[in-house]
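Here is the structure we will look at.
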Amino acid sequence: YAAVQAGIIRLLLRWFGEGGTAVFGLLCAGTAFALIPFIDNGMTVLALTPVAAMGGTLGPAMQGMMSRSLTPDRQGALQGVLSSTAALASVVSPLIMTSVFAAYTAPGRDPFPGAPFLVTREKQILSS
């Protein structure tokens with residue numbers, strides 16, 4: 001993830017532009033969230049890690065597009081909204097995902113511990 005944030009994103013932005021890089025990040029993250037729940041081998045998850053890390057290109061590309069769409073006097077408001085949204089998500093997401101995990105691993109049912117990844121994938125599709 002650090003390599004993506006430190007340098008790979010610059011190459012992707014040069015090649016694809018912000019919109020293309022955002023789509024690329026969305027596809028990478030979506031692929032990872034769709035496949036990880038069904039993997040039963042640690043080595044396969046490890047092999048999928050670079051794809052998941054490339055999903056980290058989505059946020060900076062989207063932030064760049066949002067920033068360019070606003071006048072300089074509105075940049076602070078945008079950063080405040082983005083920070084507030086991230087803070088809210090960091091509080092709400094664990095509550096939702098642990099509930100999903102508990103529901104899909106409850107005694108008396110076939111356990112599916114990958115359910116939170118699919119919920120994340122569906123939220124990603126709905127927000128796109």
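The values are calculated or read from the model by the stated rules, or taken from the named source; none is laboratory data. Keep in mind that this is a model prediction, so the values were computed, not measured. In this analysis, Cβ positions are derived from the backbone assuming ideal geometry, glycine residues included, and neighbour counts consider all displayed protein chains. Only protein heavy atoms, including side chains, enter the accessible area calculation; ligands, DNA and RNA are left aside. Shrake-Rupley method; radii C 1.70, N 1.55, O 1.52, S 1.80 Å.
May I ask you to list the residues in the stretch 83-128 that are basic (Lys, Arg) and within 21 Å of residue 29 (Cα to Cα)? If you could, list the steps in order and put the result at the bottom.
Our first condition is that a residue be basic (Lys, Arg); within the stretch 83-128, this holds for 109, 121, 123.
Those that are basic (Lys, Arg) and within 21 Å of residue 29 (Cα to Cα): 121, 123.
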Residues (out of contact with any Phe, Trp or Tyr (no Cβ under 8 Å at 6 or more places or on another chain) and either in contact (Cβ under 8 Å) with a residue 24 or more places away in the chain or outside any helix (DSSP H, G or I) (or both)) located in the stretch 89-128: 106, 107, 108, 109, 110, 125, 128
Residue list for the stretch 57-72, restricted to those being polar (S, T, N, Q) and either touching a strand residue (DSSP E or B) at 6+ places or on another chain (Cβ under 6 Å) or free of Cβ contacts under 8 Å to residues at least 24 places away in the same chain (or both): 63, 67, 69, 71
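Identify, from the list 34, 6, the residue that is surrounded by fewer than 19 Cβ atoms within 10 Å (Cβ to Cβ) and either within 19 Å of residue 122 (Cα to Cα) or under 12 Å from the mean Cα position of the chain (by Cα) (or both).
Details: 6 fails: either within 19 Å of residue 122 (Cα to Cα) or under 12 Å from the mean Cα position of the chain (by Cα) (or both).
Sole residue among the options that is surrounded by fewer than 19 Cβ atoms within 10 Å (Cβ to Cβ) and either within 19 Å of residue 122 (Cα to Cα) or under 12 Å from the mean Cα position of the chain (by Cα) (or both): 34.
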Unique match (being at pLDDT below 90, exposed (fewer than 10 other Cβ atoms within 10 Å of the Cβ) and not β-branched (Val, Ile, Thr)) among 110, 73, 40: 40
Filtered residues of the stretch 43-70 (kept if of a type in the set (Ser, Thr, Tyr) and either part of a helix (DSSP H, G or I) or open to solvent by less than 70 Å² (accessible area, probe 1.4 Å) (or both)): 44, 49, 57, 67
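Residue under question is residue 80, and the condition is that it be touching a residue at least 12 places away in the same chain (Cβ under 8 Å) and open to solvent by less than 50 Å² (accessible area, probe 1.4 Å); does it hold?
no
Between 58, 95, 82, which is at pLDDT below 90 and not polar (S, T, N, Q)? Full working, then the answer.
Details: 95 fails: at pLDDT below 90; 82 fails: at pLDDT below 90.
Of the residues listed, the single one that is at pLDDT below 90 and not polar (S, T, N, Q) is 58.
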